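Down below is the structure, laid out as structure tokens.
The values are calculated or read from the model by the stated rules, or taken from the named source; none is laboratory data. This one's a predicted model, so the numbers in the text were calculated from it and none came from an experiment. Neighbour counts run over all protein chains shown; Cβ positions are idealised from the backbone, glycine included.
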Amino acid sequence: MKSVRIFSNTHRQLKKEFAKCGFKLIKAKNCRSLLDLGCGDGRDSIYFANKGLKVTAVDFSKSGIEKLKTRQNRIKNRINCILKDIRNINFPENSFVVIYAHLSLHYFDDKTTSKIFDNLYKVLKKGGLIFVKCKSTDDALFGKGKKVGENMYKKGHVQHFFTKEYMTEKLKFITNINRLLSKRLRRNRICRQAR
Ligand SMILES: C[S@@+](CC[C@H](N)C(=O)[O-])C[C@H]1O[C@@H](n2cnc3c(N)ncnc32)[C@H](O)[C@@H]1O
């Protein structure tokens, strides 16, 4: 049995504090390991490591990963920092209790997005949690720039804007979906629990 919660932008706390809200659920489930996908300079990785989680942080930005390494050395965190493309991660099955992706999974075309989600489902442990924050088609930037695919626009870089249905489809292996949706949904925020 699996479940999804979709939070909207009107969920005030989630708007600014995705990691903090996520941690409440992580703590309640007593989870120990977390994969931070597209970690950037590791703001959230450090937050989770400071909360006692064993964190693996992945990004393909050399400068982001270098910055995270420097920051974590200063505070003696032991985050496993990996310079890698999200599309090519190959962790063994059931590696992580928590997968966390803060605005890092909305850059890819449909085929690639599907592959990434399938792979994440594989590496997520049974009973684990997945947190995904993506741009939605209600985002102010939707439709701006050059259209390069279905709900994909290039303005500087390519962004893939998700609909609720699209995200739900990507998580189709989920059987029970709970939603907290606003009328003016700007971003989809999803927490999935796999049981
Ligand atoms: C909007 S930033 C979010 C960074 C971080 N999660 C945060 O909340 O501060 C998106 C991040 O995804 C990373 N990213 C985008 N495409 C990626 C890919 N194919 N593989 C790995 N990282 C990627 C970027 O380098 C960037 O650090």
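Filtering segment 52-66 to residues that are of a type outside the set (K, R), within 10 Å of the ligand (Cβ to nearest atom), over 19 Å from H106 (Cα atoms) and in contact with a strand residue (DSSP E or B) (Cβ under 8 Å, 6 or more places away or on another chain) leaves only I65.
So how many residues does segment 70-81 have that are surrounded by fewer than 16 Cβ atoms within 10 Å (Cβ to Cβ) and not polar (S, T, N, Q)?
The initial filter retains those residues of segment 70-81 that are surrounded by fewer than 16 Cβ atoms within 10 Å (Cβ to Cβ), namely 70, 73-76, 78, 80.
Those left that are additionally not polar (S, T, N, Q): 74-76, 78.
The qualifying residues number 4.
Can you work out which of the residues in segment 84-110 that are of a type in the set (A, V, I, L, M) and within 9 Å of the ligand (Cβ to nearest atom) is surrounded by the fewest Cβ atoms within 10 Å (Cβ to Cβ)?
Initial filter on segment 84-110 (of a type in the set (A, V, I, L, M)): 86, 89, 97-99, 101, 103, 105.
If we keep only those that are within 9 Å of the ligand (Cβ to nearest atom) too, we end up with 86, 89, 101, 103, 105.
Numbers: I86: 19, I89: 17, A101: 22, L103: 15, L105: 23.
Residue satisfying both the conditions and the ranking: L103.
Of everything in segment 80-110 that is at pLDDT below 95 and β-branched (V, I, T), the residue that is farthest from F18 (Cα to Cα) is V97. Pairing each residue of segment 72-93 that is under 21 Å from R32 (Cα atoms) with any residue that is away from the ligand (no atom under 15 Å from the Cβ) and part of a loop (DSSP other than H, G, I, E, B), provided the two are 6+ apart or on different chains, yields C-beta distances under 9 Å for Q72/R78. Looking at segment 24-51, which of the residues that are free of Cβ contacts under 8 Å to residues at least 40 places away in the same chain and closer than 13 Å to V97 by Cβ is nearest to the ligand (Cβ to nearest atom)? My answer is K27.
Annotation: T113 fulfils all but one of (1) touching a Phe, Trp or Tyr at 6+ places or on another chain (Cβ under 9 Å); (2) among the hydroxyl-bearing types (S, T, Y); (3) within 9 Å of the ligand (Cβ to nearest atom); the unmet one is (3).
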